[in-house]
1. Taking Rh as the Kirkwood radius, which is the inverse of the mean 1/r over Cα pairs, what is the Rg/Rh value for the stretch 26-67?
2. What is the calculated FRET efficiency for residue 82 to residue 53, with r their C-beta to C-beta distance and R₀ = 25 Å, to the nearest 0.05?
3. For the full complex of protein chains and a 1.4 angstrom probe, list 39, 47 by accessible area with the highest value first.
4. May I ask you to give the average projected area over all directions of the convex hull of the Cα atoms of the stretch 49-100, in nm² rounded to one decimal?
5. Per-residue counts of other Cβ atoms within 10 Å, averaged by peptide: what ranking do you get for 71-84, 11-24, highest first?
6. For the stretch 27-68, state which GluC sites (Glu not before Pro) are in a DSSP loop and have at most 10 other beta carbons lying within 10 Å of their beta carbon.
7. Quick one: what do you get for the stretch 9-105 if you divide its Cα Rg by 2.2 N^0.38 Å?
8. At a 1.4 Å probe radius, which order do 87, 4, 95 fall into by accessible area, largest first?
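The values are calculated or read from the model by the stated rules, or taken from the named source; none is laboratory data. Keep in mind that what you see is a predicted model, and the values were worked out from it rather than measured. Positions of Cβ are generated from backbone atoms using ideal geometry, with glycine treated the same way; all protein chains shown enter the neighbour counts. Please note that ligands, DNA and RNA were not included when accessible areas were found on the heavy atoms of the full protein model with its side chains. Shrake-Rupley method; radii C 1.70, N 1.55, O 1.52, S 1.80 Å.
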Amino acid sequence: MIKFFLMVNKQGQTRLSRYYEHVEINKRTTLEAEVIKNCLSRSKDECSFIEYKDFKLVYRQYAALFIVVGIDQTENEMAVYELIHNFVEVLDKYFSRVSELDVSFSVSEIHLL
């Protein structure tokens, strides 16, 4: 099961976050900071799957954006890795070359609705 979905830039700023189980706001900030630090500190030669606390992190980098998905121990990492790629392909088709600015704009647009 997917626990959360994050999009962050190379500076570690969260651009999009979606949680699929309840996490208190103050704990979200701490969780995001730790998760982002773990993913951004890894080299490109290392695996895109990380064991973290009681769940796994699957991440993928696209230009200046990192997409990180937190999953439970029973979830298939490769399936989530492909899900991230499919999500980016959809964004790319919609925005014709998705960028960090597009993500920030679309998130603010969604919150206005």
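1. Reported Rg/Rh, Kirkwood definition of Rh: 0.96.
2. The formula returns an efficiency of 0.55 here.
3. Highest to lowest solvent-accessible surface, that is 47, 39.
4. So the mean shadow area of the Cα hull is 3.7 nm².
5. The packing order, highest mean first, is 71-84, 11-24.
6. 46
7. Rg over 2.2 N^0.38 Å, computed on Cα atoms: 1.07.
8. 87, 95, 4
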